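One structure below.
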Amino acid sequence: MSSTKQTKDDEKMAQELVEAYEKLKSQVHQVIVGQEDVLEQLLIAMLARGHCLLEGVPGLAKTLMVRSLAQAINLSFRRIQFTPDLMPADITGTDIIQEDKSTGHRELVFEKGPIFSQIVLADEINRTPPKTQAALLEAMQEHDVSVGGKTYHLDEPFFVLATQNPIEQEGTYHLPEAQRDRFLFQVIVDYPTRDEEREIIERTTSTFESKLEPVLDGKTLIECQETVRRVPVPEHAYDYILDLVRMARPTEESSPKWVKDLIDWGPGPRACQQLVLGSKVRALLRGRYHVTVDDVEALAHPVLRHRIVPTFNAEAEGISVEHLIDRLLKEAPKKEEAVM
């Protein structure tokens, strides 16, 4: 009986999530033109309790989109501009000596850094050295920060969005594979269409103003995250995810020859976990309380593109990671959904 009630409550929450998603898109699109896929993937990552790595050239409103999303969900927001001289303490915070003016007594007090926000934009993360990049690792994985032997918990929900410029590579520090793997998605922000760019120009060069109203709060978002975990996944979808990810590993005996020739390093188990969680959220956003293979296929690129390293031969032949993922999707075996 309790199980049936839980299912009904989850389905009600799913229905409310769909309505909130439409309202949220309506709010964000007051200031952001287009970028439907990017906005959906950002929200999927938040509901799956994950983080995003955004890649796009300057001027595509990445910062504005994240700030608008934070306003529409009523979450605190901080932007950190990563530079070569940025230190870990500039992100996490540090202990400072504070004096009590009435007693003259001095004590160490922890001054929180910008990481203590619910949405953190790590702008141009590849412009800072690995030591500073690594300062994000514990926060992203554990939602904790350790300074001076003490551990401080971050407010929930907590979400890190990092951006990197794909064009300028001089003076940058490559993001290590271990850290890239901690991002649920790598999202590509592309140029707008001609009509979208025209609308952007008209809005930004006129007296147009817009004030966003929150349609979700942190508490409701956490409840939605819990609902996501209870969305059922059929066996054939699990099998498809396993086949897709394992096929991309050149060390697998069953992998095709072209994988061994063109892929140097394949995705680990975390890719399977992220595909499952992301597919659960996508199903909910489309009004379904079950995952389909279509959900997995739709999220394969953002989940796998930063977890696959092509070989030198692949790069020499001009074969991109996107082409490799397309081929994996084409050849991964699919099983028919069982008829209930």
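Hey, among Leu244, Leu154, Leu221, Leu184, which residue is farther than 21 Å from Leu43 by Cβ and at pLDDT 80 or above?
Details: Leu154 fails: farther than 21 Å from Leu43 by Cβ; Leu221 fails: farther than 21 Å from Leu43 by Cβ; Leu184 fails: farther than 21 Å from Leu43 by Cβ.
Checking each option against the conditions leaves just Leu244.
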State which residue pairs qualify: first residue touching a residue at least 12 places away in the same chain (Cβ under 8 Å) and more than 21 Å from Arg246 (Cβ to Cβ) and inside region 275-289, second residue outside any helix (DSSP H, G or I) and not hydrophobic (A, V, I, L, M, F, W, C) in any location, beta carbons under 8 Å apart, and separation of 6 or more residues or different chains.
Ala283/Tyr289; Ala283/His290; Ala283/Thr292; Tyr289/Pro232
Among residues of region 147-164, those that are under 11 Å from Thr92 (Cα atoms) and in contact with a helix residue (DSSP H, G or I) (Cβ under 8 Å, 6 or more places away or on another chain), counted:
2
So for region 114-132 (the condition being touching a strand residue (DSSP E or B) at 6+ places or on another chain (Cβ under 6 Å), among the acidic types (Asp, Glu) and either modelled with pLDDT under 80 or assigned to a helix (DSSP H, G or I) (or both)), does at least one residue qualify?
no
Is region 151-166 home to any residue that is under 25 Å from Leu299 (Cα atoms), in contact (Cβ under 8 Å) with a residue 40 or more places away in the chain and surrounded by fewer than 14 Cβ atoms within 10 Å (Cβ to Cβ)?
yes
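Can you tell me how many residues within region 233-245 are within 23 Å of the chain's Cα centre (by Cα) and farther than 18 Å from Ala298 by Cα? Don't jump to the end; show me each part of the working.
Within region 233-245, the first condition is being within 23 Å of the chain's Cα centre (by Cα), and the residues that meet it are 233, 237-238, 240-242, 244-245.
Still in the running and farther than 18 Å from Ala298 by Cα: none.
Qualifying residue count for the region: 0.
Criterion first (closer than 27 Å to Pro176 by Cβ and touching a His at 6+ places or on another chain (Cβ under 9 Å)) does Val321 satisfy it? Even if it seems obvious, please write down each step before you answer.
Values: closer than 27 Å to Pro176 by Cβ: yes; touching a His at 6+ places or on another chain (Cβ under 9 Å): yes.
So Val321 fits the description; yes.
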Under 7 Å between Cβ atoms, which residue pairs at least 6 apart in sequence (or on different chains) link something in region 127-141 that is within 10 Å of Ile91 (Cβ to Cβ) with a partner that is among the hydroxyl-bearing types (Ser, Thr, Tyr) and crowded, with 20+ Cβ neighbours inside 10 Å?
Ala135/Thr92
Taking helices (runs of 4 or more DSSP H) that fall entirely within region 233-340, which contain at least 3 residues that are β-branched (Val, Ile, Thr)?
293-304
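Within region 81-100, is there a residue that is assigned to a helix (DSSP H, G or I), without any contact (Cβ under 8 Å) to a residue 12 or more places away in the chain, out of contact with any Phe, Trp or Tyr (no Cβ under 9 Å at 6 or more places or on another chain) and surrounded by 12 or more Cβ atoms within 10 Å (Cβ to Cβ)? Walk me through how you get there before you give the answer.
Taking region 81-100 and keeping what is assigned to a helix (DSSP H, G or I), we get 88-92.
When the remaining residues are screened for being without any contact (Cβ under 8 Å) to a residue 12 or more places away in the chain, the result is none.
No, because not a single residue in region 81-100 is assigned to a helix (DSSP H, G or I), without any contact (Cβ under 8 Å) to a residue 12 or more places away in the chain, out of contact with any Phe, Trp or Tyr (no Cβ under 9 Å at 6 or more places or on another chain) and surrounded by 12 or more Cβ atoms within 10 Å (Cβ to Cβ).
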So, in region 233-251, how many residues would count as being surrounded by fewer than 17 Cβ atoms within 10 Å (Cβ to Cβ) and either without any contact (Cβ under 8 Å) to a residue 12 or more places away in the chain or outside the structural domain of Val281 (by TED's automatic domain parsing) (or both)?
0
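Consider region 46-72. How many of its residues are of a type in the set (A, V, I, L, M), assigned to a loop (DSSP other than H, G, I, E, B) and within 16 Å of the chain's Cα centre (by Cα)?
Of the residues in region 46-72, 1 are of a type in the set (A, V, I, L, M), assigned to a loop (DSSP other than H, G, I, E, B) and within 16 Å of the chain's Cα centre (by Cα).
Take Pro214 and decide whether it is in the same structural domain as Leu136 (by TED's automatic domain parsing) and not hydrophobic (A, V, I, L, M, F, W, C). Break it down stepwise before answering.
On the way: in the same structural domain as Leu136 (by TED's automatic domain parsing): no; not hydrophobic (A, V, I, L, M, F, W, C): yes.
For Pro214, the condition - in the same structural domain as Leu136 (by TED's automatic domain parsing) and not hydrophobic (A, V, I, L, M, F, W, C) - is not met.
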For the structure I just gave you, tell me whether Arg229 is within 30 Å of Gln118 (Cα to Cα) and modelled with pLDDT under 90.
yes
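The values are calculated or read from the model by the stated rules, or taken from the named source; none is laboratory data. Since the model is a prediction, treat every value here as computed from it, not as a measurement. Cβ sites come from the backbone with ideal geometry, for glycine too, and all protein chains shown count toward neighbours.
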